[in-house]
Number of protein chains: 2
Amino acid sequence: MDAPDIPEALRKRVVIERIAPDVDNGRFPIKRTVGEPVTVTADIFADGHDVVVAVLRHRHTSHAEHAEPKNAAVSAGSAWDVSGFHETPMTLVAPGSDEWTAEFDVDAVGWHEYMIVAWVDRFLTWRRDLLAKAADGQDVALELLEGALLVREAAGRAEQIGSGREDARLLLAHADALCDATPPAQRASAASSDTLAAMMAMYAGRSAAAESEIRRVWVDRERARFGAWYELFPRSAGPDPSRSGTFGEAAALLPQIADLGFDVVYLPPIHPIGTSFRKGRNNSTVAEPGDPGSPWAIGSAAGGHTAIDPGLGTLDDFEAFRREAGRLGLEIALDLAFQCSPDHPWVREHPEWFRHRPDGTIKYAENPPKKYQDIYPLDFGCDDWRALWQALLDVTQFWIDRGIRIFRVDNPHTKTFGFWEWLIDRVHARHPDVLFLSEAFTRPTLMRYLAKAGFSQSYTYFTWRNTKSELVEYFTELTADRWRDVLRPNLFANTPDILHAYLQRGGPPAFRARLILAATLGASYGIYNGFELCEARALAPGGEEYADSEKYQFRKWDWDRPGHIRELVSRVNTIRHQHRALQFFHTLRFHETDNSEIIAYSKTAPHGTDRLLTIVNLDPHHMQHGHVQVPGIGSDEIFTVRDLLDDVEYEWRGEWNYVRFDPDIRQAHILSIDGH
Amino acid sequence: MDAPDIPEALRKRVVIERIAPDVDNGRFPIKRTVGEPVTVTADIFADGHDVVVAVLRHRHTSHAEHAEPKNAAVSAGSAWDVSGFHETPMTLVAPGSDEWTAEFDVDAVGWHEYMIVAWVDRFLTWRRDLLAKAADGQDVALELLEGALLVREAAGRAEQIGSGREDARLLLAHADALCDATPPAQRASAASSDTLAAMMAMYAGRSAAAESEIRRVWVDRERARFGAWYELFPRSAGPDPSRSGTFGEAAALLPQIADLGFDVVYLPPIHPIGTSFRKGRNNSTVAEPGDPGSPWAIGSAAGGHTAIDPGLGTLDDFEAFRREAGRLGLEIALDLAFQCSPDHPWVREHPEWFRHRPDGTIKYAENPPKKYQDIYPLDFGCDDWRALWQALLDVTQFWIDRGIRIFRVDNPHTKTFGFWEWLIDRVHARHPDVLFLSEAFTRPTLMRYLAKAGFSQSYTYFTWRNTKSELVEYFTELTADRWRDVLRPNLFANTPDILHAYLQRGGPPAFRARLILAATLGASYGIYNGFELCEARALAPGGEEYADSEKYQFRKWDWDRPGHIRELVSRVNTIRHQHRALQFFHTLRFHETDNSEIIAYSKTAPHGTDRLLTIVNLDPHHMQHGHVQVPGIGSDEIFTVRDLLDDVEYEWRGEWNYVRFDPDIRQAHILSIDGH
């Protein structure tokens, strides 16, 4: 009979499936930051009853890019290095299940890879069966002979490795011992030697091993996970609002921002602003003389995306500003707003990058019937798309070359998704430390897809989640499996576009509540300046625009005006730096309370350390009190909690404890309950 | 600037993701039977705000195997045929979501494929914007010119199709109307013409369309989904248990099996049985003279897997038996037990297909310290594996050539999974009507993997799920997404290996309850003969083996013995044939009751018709009563339910109604509540 042509892969006995974490079957990487653990699980099983062994392999791809993993191994403590791969034994999650797990830490920025290798282990199967038969009093002489053959095969594999000669000799001695002249029962117990098992594991016969597909991890620096952002318009740093503030004047604000404990200073676009259809104060369609226009209407005779608005100064002024920030421990984030004013140099130099109408004009932005005539969108799918995309990458690289490592990206969801996937990948290939924040306030599918395509962080719906049920539902969703490995939320409490009614109506207690929520729910959060001053004047009732918005005019802020909450901002940022629990997002868990205005949740550092319990009164107008549950506390157990905001200690007893918040006195607790 | 080498695929604006149904990202097909609907959903979206259009394509692959789908289309009612693909427009599941759906029916056995094509529709985007501007009173003269250009482009695409000439002419007329001399406002309303929209859809510009990967559906005949099985040992059909019954004698039993309403008669292996280490009565390790041995110890001097046990008769006798069954509307299922007795011809002819020990003997089956010396497992991974696999395919083909279209596969989980994937695929390529039932009582991951690998049906844990909570939990799991598209349960109420304690202790009421549960929870179910006689004698207390099991001896059954439940079996099978609700599994939904011994659930045919409510008293010993909820009934609504078991009608009112079961009178209701 002619043997049919059956693919060799079908002969593999072990199945590896349902690997997690995973994003779309490996189409996209999962995300981590340096030092974070990656806990891998998978269903692994073989036909029949033989013993299965599985190992997790991982590597930093710059170590040995795309080298084929090889069989056999060299000892190095509990992990072996195989062609750049480190191996960790996997263990069963529960006896009788087929779910296996192992964990590794990612120790450097950039691409990491992991995969699973699993095989039916003939030695362990043999040993299990031998011991069962010996315990039953059966004659195992033949079994011992079989075991000796398996050990000799392993010695043969050891022999082929330069450093394995000594191991081979030891293995052969074990093999001899299995079939020497001592009584079989005695020899059977020699089969359970730990030394033998360890060497047999090292030189396991893996020729029939199954290998999973490789999964990728993109590892960012810590700032992708943890940071407090402060947004300001440097043009408002001048002595009065009659002219643009300069980078030199804005630099004078940096010490107070550093004192507030922020990590990142984010600037709206700093480029020349178009004059055609320039917007006036409060979004008027007519600009008065002296009105500076929206910084997002980029480009004028003074230049485009690589130029500095003359009112702010020069490129040298900008670089001095950035250096001063760095000296104070602050990092500058710039805005990537890939659109043009009608006066942008590209309109003249590259008309092919824009959409044209039958009358020869360029199509301006619109959301019919609304028109945005001061903005020309770029046509990401134009015939000359590759050159356009390269030009935008060049813009990004221009600012990277000037020391920028964080970009806040304006409306990425209105540009081809593939563009971002390409641009971020190209940047990361040379600069793995660059971070991109997606400003996409759109449907969840699009926000998640942009995160998958490579964005390091994402704006969220946080500003519109103000009730307890809204907050619990939304943040439970964001910490669930489907989101956690791809999307890192950055919780802005306000933005130049969003002054929520809760803040408009709630006064300083509302600002205190939202600050603490943002800073403790999110490991990354931000405020737009004025928040710490409780600025709450809206342009129109029912809207979310600020009155006299800095988007359209210069402003002069009084940083010490009555009612500000700068001490609280500073305190909260200090607590965030001191407590690792607040530097991670995924450990967030909500707790029960018996008052719908009181929200409670805890966080820990990875592996459960440094537990903090935050309790916030969401009602800015009234005293609220009630009970909060701390699960896992014994019913009569007495324990101490300490409020990190004011260093007051409370003695609590059992799972449910009483809290009371008077908006005049306090809006929240951030309680250290480490040890519980 | 040199344009970089960016893959064209990144330019696509539309994303298609999260396609369902799906099994492991397309690694395995989903399963359906002829006539069943396939409801496809996916997340589909583009950047920005343009209008997205999506279509579902499906085809029977024998129509146009692996032909590349092409652009454009030919009208054929609501669906278009594109290179063998039928197209159905997809619709949004909910406004504002990104989830789209469409449905198709599979109309023939074999492979079907489906995929999604989606694109940003320039015409629909233009029309939406035009109408918004016109409604706002804006001048739309330029917009109308743009629309005319789009319509002319479509005319160009129509022109390229032989049958599209007339459409092209009509489109050009529409284009002219959009830019003629009538006032723009009038022309704008012409843009919303349904005729124009339909033609623009037919000739939509799809050059930038995104295409999903192709997903596969394996479509079986109806019997894969719906059938009642009856298992019997033909050798027990003789006049007395001193000798083997013959196929001729077994044929005499077929009319009564047909009268009971069964669809499939399953026979344990019918091959010659080994004599070495033959098992005696009640699994004794010593066979007495005349003991027939286990039919699963296949092979003797009389032949192997393609021979007939001489006691049963000849191959001609078997074929006569099969024909008689067919005449009565019964289909014969054979057992594929791929293992050998030590006397099987292959042991001599192909020793290389077995595992050998250092002393030259062949390794028998064992589960240390237990030994099964009457069985030699085949070594599916031996050096000559391809020839062995082909030989086993040849065995299967041998019985297919003798008219067999259903196989019950013995212990498939102890053979390489890839073997089954290959064998079932090879059989289906020539005989798509062949069904395979997996007898794998093992861990859920393995049972599910075998189903994914191709098995048409699977045994389940049903025999071990006897309480209400066990049944609800297990069947809720089996109807969930993760299982429903791959694993079709076949609920055997007993097997020659499993006489559950519930049956041993519960008397006829227990048999009545389990029969109705099996036949109404499962669209496929089965009993092993004796069940209808309430045979309940166990070999040993605490065990599940039958006393005097037919596995090891001839039996003579009295089919009319007191206490039998043959009328109920016949009635239930008749109801199953009359009511489509019981012919489907996935519509199963459990209902609340206020008594933990009373279980209630309903089923419908697809699309919700023919609703049946089954209520079973799980307590075989005591009267139980309580209330059952029928969700969706108005609180004062009065409606009639009819028990299909005894044709008694009840008048019910509101959601909760009273039921009472006395084991002496009734154990269950099968209520028709169609219309509610």
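Values in this text are rule-based calculations from the coordinates and carry no lab data. Note that this is a predicted model, so its numbers are computed, not measured. Note that we place each Cβ from the backbone using ideal geometry, even for glycine, and neighbour counts take in every protein chain shown.
Report the rotationally averaged projected area of the stretch B:562-676 based on its alpha-carbon convex hull, in square nanometres.
So the mean shadow area of the Cα hull is 7.3 nm².
Report the one residue of B:F277, B:P241, B:L253 whose Cα lies farthest in the direction of the positive end of the charge dipole of the stretch B:222-291 (charges on C-beta: Lys and Arg +1, Asp and Glu -1; origin at the Cα centre).
Result: B:F277.
About the Cα centre of the protein assembly as shown, what is the dipole size in debye to 20, counting +1 per Lys and Arg Cβ and -1 per Asp and Glu Cβ, all else neutral? Each step should come with its number before you reach the end.
Working: 146 positive and 196 negative charges, 64 e Å.
It comes to approximately 300 debye.
Could you tell me which of rounded, prolate or oblate describes the stretch B:363-437, using a ≥ b ≥ c as the square roots of the eigenvalues of the alpha-carbon gyration tensor, with rounded for a/c under 1.5 and, failing that, prolate when a/b is larger than b/c and oblate otherwise?
Prolate.
Can you classify the stretch B:227-278 as rounded, prolate or oblate using the Cα gyration tensor, where a ≥ b ≥ c are the square roots of its eigenvalues, rounded means a/c under 1.5, and otherwise it's prolate if a/b beats b/c and oblate if not?
In terms of gyration-tensor shape, oblate.
In debye, nearest 20, what is the charge dipole magnitude of the stretch A:511-636 about its Cα centre with +1 on Lys and Arg Cβ and -1 on Asp and Glu Cβ, if you could check?
440 debye
In percent, what relative contact order does chain A have, based on Cα pairs under 8 Å that are 6 or more apart in sequence?
RCO, chain A: 10 percent.
Starting from the stretch A:504-602, pick out the trypsin sites (Lys or Arg not before Pro) whose DSSP state is loop and whose Cβ has at most 15 other Cβ atoms within 10 Å.
For trypsin sites (Lys or Arg not before Pro) across the stretch A:504-602 that sit outside H, G, I, E and B with at most 15 neighbouring Cβ atoms in 10 Å, the list reads A:R537, A:K556.
Any idea what Rg and Dmax come out to for the stretch A:266-414 if you just take the C-alpha atoms, in Å?
Cα only, the stretch A:266-414: 15.9, 54 Å (Rg, Dmax).
Round to the nearest 0.05 the FRET efficiency obtained for A:D636 and A:T574 when R0 = 45 Å and r is the Cβ-Cβ distance.
Result of the calculation: an efficiency of 0.80.
State, as an integer percentage, the relative contact order of the stretch B:107-200 based on alpha-carbon contacts under 8 Å between residues 6 or more apart.
28 percent
At what distance in angstrom do the alpha carbon centres of the stretch A:101-173 and the stretch B:116-190 lie from each other?
A separation of 72 Å, based on Cα centres.
If you take the Cα Rg of the stretch A:203-324 and divide it by 2.2 N^0.38 Å, with N the number of residues, what do you get? Before the final figure, lay out the partial values.
Working: Rg = 22.7 Å, N = 122, 2.2 N^0.38 = 13.7 Å.
Scaled against compact globular proteins, the figure is 1.66.
Cross-link list A:K371/B:K133; A:K370/B:K12; A:K12/B:K371; A:K12/B:K31; A:K133/B:K415: which exceed 20 angstrom alpha carbon to alpha carbon?
On the way: A:K371/B:K133 10 Å; A:K370/B:K12 27 Å; A:K12/B:K371 26 Å; A:K12/B:K31 25 Å; A:K133/B:K415 24 Å.
Over 20 Å apart, Cα to Cα: A:K370/B:K12; A:K12/B:K371; A:K12/B:K31; A:K133/B:K415.
Please grab the % of Cα pairs in chain A that end up more than 42 Å from each other.
So the pairs more than 42 Å apart make up 41 percent of the total in chain A.
Starting from the Cα of B:K468, draw a straight line to each of the lysines and keep only those under 25 Å, dropping any in the same chain fewer than 8 residues away.
Result set, ordered by chain and number: B:K603.
Students often forget the sequence filter, so: which aspartates and glutamates lie under 16 Å Cα-Cα from B:K279 once same-chain residues fewer than 8 apart are removed?
Partners within reach: B:E288, B:D291, B:D343, B:E366, B:D374, B:D497, B:E545, B:D548, B:E550.
Which whole number gives the average, over all residues in A:413-422, of C-beta atoms from other chains lying within 10 Å of the residue C-beta?
Counting other chains' Cβ atoms within 10 Å and averaging over A:413-422 gives 5.
Mean separation of Cα pairs under 8 Å and 6+ residues apart, divided by the residue count of the stretch B:488-557: what relative contact order is that in percent?
42 percent
Charges only on Cβ, +1 for Lys and Arg, -1 for Asp and Glu: so what's the dipole of the stretch A:153-266 about the Cα centre, in debye to the nearest 20?
220 debye
Taking the Cα atoms of the protein assembly as shown, report the difference between the largest and smallest coordinate on each principal axis, in whole Å and largest first.
115, 85, 66
Are there GluC sites (Glu not before Pro) in the stretch A:610-668 that DSSP puts in a loop and that have at most 15 other Cβ atoms within 10 Å, and which ones?
When the GluC sites (Glu not before Pro) of the stretch A:610-668 are filtered for loop state and at most 15 Cβ neighbours within 10 Å, A:E637 remain.
Quick check: Cα centre of the stretch B:245-303 to Cα centre of the stretch B:367-411, how many Å?
Going from one Cα centre to the other spans 18 Å.
log10 I(q)/I(0), Debye, Cα-only the stretch A:466-528, no solvent, q = 0.12, 0.19, 0.27 Å⁻¹?
For the stretch A:466-528, the Cα-only Debye profile gives -0.32, -0.77, -1.27.
Just to confirm a number: summing +1 for Lys and Arg and -1 for Asp and Glu over residues other than A:A224 whose beta-carbon lies under 11 angstrom from that of A:A224, what do you get? Working shown, then result.
Values: positive: A:K31, A:R32, A:R221, A:R223, A:R225, A:R405, A:R488; negative: A:E36, A:D220, A:E222, A:D433.
For residues surrounding A:A224, the net value is +3.
Fewest Cβ neighbours within 10 Å first, please rank A:K363, B:K133, B:K370 accordingly. All intermediate terms of the calculation are to be shown ahead of the outcome.
Numbers: A:K363 13, B:K133 19, B:K370 10.
Ranked by crowding around the Cβ, least crowded first: B:K370, A:K363, B:K133.
Nearest the rotation axis from A to B, which residue of chain A has its beta carbon, and at what whole-angstrom distance?
Smallest Cβ distance to the axis, with its residue: A:N25, 2.
For A:A9 and A:D176, FRET efficiency with R0 = 41 Å and r from the beta-carbon atoms, rounded to 0.05? Intermediate values should be presented prior to the final figure.
Values: r = 38 Å, r/R0 = 0.92.
The calculated FRET efficiency here is 0.65.
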